[in-house]
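Peer 1: Sharing a structure with you now.
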Amino acid sequence: MKTKIYIKSLYHSFRKNPTVINIVAVATVTLIVKGFGFYKEIIIASNFGLSELLDTFLIAALVPGFIYQVFLGAFKSVFIPNYIIEQKSNRPISSFQTTSFIVTIGTTAIFMFLAYLFTNTFLETFFPNHSESYYKLIKVQFTYLLPCILFWGLSSLISGLLNIYNEFKYSTIYPVFTSVAILVLLLFFKDLFQEKVLAIGMLIGSILEFTFLAIVAKSKNIINLTKPDFKADGTKMMFNQLPAKVSSGFLTGLIPITDQYFAAQLIVGSIAALNYALKIPAFFTGIVVLALARVLLPHFSKLTTENRESAFKQLNKILKFVFISIILIIIPIILFSDSIIELVFERNEFTSDDTLIVSGLQIVLLIGAPFYICGNILVQFLTSINKNTFMAYVSFGSMTLNIILDYIFLKLYGIYGIVLCTTTIYMLRSLILYIYTNKQKNL
């Protein structure tokens with residue numbers, strides 16, 4: 001009864017809050033985007049099951065996705081709070097924009113070159129003892145996925161600008177283009193593109209995403225480019241924070257790579273099983289995380305510069321409300337996990353045996369969902385107050401522990417040990433971030 005009353009009081013306090021209204025709006029749009037994405041995964045499952053082709057596509061996408069999440073995602077995170085700081089100065093914000101675009105393009109070009117150069121070394125190190133046909137499938141798909149890095153980087157920066165100017169619906173809807181592109185190719189051009197169909201669909205989608213965001217930002221007069229200034233205070237602060245944020249993202253990004261490395265040591269299809277187990281948890285956590293991240297980072301960045309005490313109070317309210325709400329959501333999903341996987345994926349190449357494996361993995365991942373989401377909220381808050389160095393230390397500890405636990409749990413529980421390790425990391429990481437954040441109140 002007390003819990004019910006507490007949730008009601010939180011609901012009434014949030015109902016008229018403009019920040020909450022923005023989060024709900026973004027979550028609604030994200031639901032539509034994720035719906036398309038989820039339908040895409042159903043079609044992929046029907047076409048490929050737990051196959052070698054899907055395994056190789058996921059491996060081929062690993063490095064481009066890693067570069068985007070770690071380096072370009074890190075740049076976006078430090079870009080937003082420092083852009084807001086720069087807005088408060090008397091310097092032209094267009095100069096800061098130009099500098100950021102130059103950095104994004106330069107960074108993506110360097111990483112595309114490095115990724116291409118070290119592809120063979122990466123495959124031989126992390127995914128050894130496979131056939132030549134297996135490696136050929138990876139390289140063919142990788143060729144089409146590599147250019148995606150540039151378009152992802154530019155899209156990330158523009159979507160960050162749209163978030164700052166409260167154009168959340170546009171910065172949220174754009175990923176739907178990739179889902180639609182892959183669906184169209186799978187449904188109508190699979191025989192034409194064959195083993196390249198998923199990679200080409202992703203490339204076409206990334207181009208469409210960038211084009212859409214660029215048109216929207218320009219029409220809203222948000223993009224204004226002029227002579228870059230690499231010596232501006234906001235630019236210097238952004239570059240000072242970038243190494244710590246990149247380090248944090250890099251180390252965090254190593255965790256799924258480590259998981260896939262250990263999964264690759266098992267039977268063919270283990271990587272695909274892990275991928276499917278992530279789909280439903282990622283569906284609803286992705287909606288919450290994206291909605292919170294898009295709104296809360298610029299919100300906290302503005303609020304902490306104006307009223308630091310109020311920012312901490314809002315953070316704690318949000319954490320309590322989100323944690324309780326997510327627990328209530330995941331309980332029925334856990335109870336009906338087998339039925340959900342059977343309904344969503346079990347058809348054609350996806351068998352009943354596959355359902356049992358994926359369902360068990362999914363249950364373990366769902367247990368860690370509340371901690372993952374709250375940990376992400378804490379990351380947004382700490383990023384807004386430029387506490388990126390501490391998060392880099394936490395990421396290093398998480399990555400190290402992940403390797404140790406993956407090795408131990410894999411020996412004990414097989415593929416289930418990998419997801420058990422992931423859930424354990426989520427719990428410990430969120431707890432450490434929460435303790436550290438609370439200590440920042442009196443500083």
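The values are calculated or read from the model by the stated rules, or taken from the named source; none is laboratory data. What you see is a predicted model; the values in this text were computed from it and never measured. Note that each Cβ is placed from the backbone with ideal geometry, even for glycine, and that neighbours are counted across all protein chains shown. The accessibility values were calculated without ligands, DNA or RNA, using every heavy atom of the protein model including side chains. Shrake-Rupley method; radii C 1.70, N 1.55, O 1.52, S 1.80 Å.
Peer 1: Residue under question is V180, and the condition is that it be open to solvent by less than 50 Å² (accessible area, probe 1.4 Å) and touching a residue at least 24 places away in the same chain (Cβ under 8 Å); does it hold?
Peer 2: For V180, the condition - open to solvent by less than 50 Å² (accessible area, probe 1.4 Å) and touching a residue at least 24 places away in the same chain (Cβ under 8 Å) - is not met.
Peer 1: Of all helices (runs of 4 or more DSSP H) completely enclosed by segment 170-264, which ones contain at least 2 residues that are modelled with pLDDT of 80 or more and either aromatic (F, W, Y) or touching an Asp or Glu at 6+ places or on another chain (Cβ under 6 Å) (or both)? Write out each step before concluding.
Peer 2: Values: elements: 176-188, 190-193, 197-219, 233-264.
Counting at least 2 such residues, we get 176-188, 197-219.
Peer 1: Filter the helices (runs of 4 or more DSSP H) completely within segment 299-399 down to those with at least 1 residues that are within 20 Å of Y434 (Cβ to Cβ) and not hydroxyl-bearing (S, T, Y).
Peer 2: So the answer is 308-335, 352-367, 369-384.
Peer 1: Against the condition of a type in the set (F, W, Y) and either under 22 Å from P281 (Cβ atoms) or in contact with a Leu (Cβ under 6 Å, 6 or more places away or on another chain) (or both), how does F381 come out, does it pass? Working first, answer last.
Peer 2: Numbers: of a type in the set (F, W, Y): yes; either under 22 Å from P281 (Cβ atoms) or in contact with a Leu (Cβ under 6 Å, 6 or more places away or on another chain) (or both): yes.
Yes: the conditions hold for F381.
Peer 1: Let me ask another. I'm trying to understand the selection: among the residues of segment 381-435, which are open to solvent by less than 20 Å² (accessible area, probe 1.4 Å), free of Cβ contacts under 8 Å to residues at least 60 places away in the same chain, of a type outside the set (A, V, I, L, M, F, W, C) and under 30 Å from R308 (Cβ atoms)?
Peer 2: Selection gives S430 alone.
Peer 1: Quick one: I367 ticks every box in (1) farther than 30 Å from T235 by Cα; (2) aliphatic (A, V, I, L, M); (3) open to solvent by less than 30 Å² (accessible area, probe 1.4 Å); (4) at pLDDT 85 or above bar one, so which box is it?
Peer 2: Every listed condition holds for I367 apart from (3).
Peer 1: Moving on to the next point. Of these, I138, I80, which one is of a type in the set (A, V, I, L, M, F, W, C), under 23 Å from I255 (Cα atoms) and surrounded by 19 or more Cβ atoms within 10 Å (Cβ to Cβ)?
Peer 2: Details: I80 fails: under 23 Å from I255 (Cα atoms).
Being of a type in the set (A, V, I, L, M, F, W, C), under 23 Å from I255 (Cα atoms) and surrounded by 19 or more Cβ atoms within 10 Å (Cβ to Cβ) holds for just one of I138, I80, which is I138.
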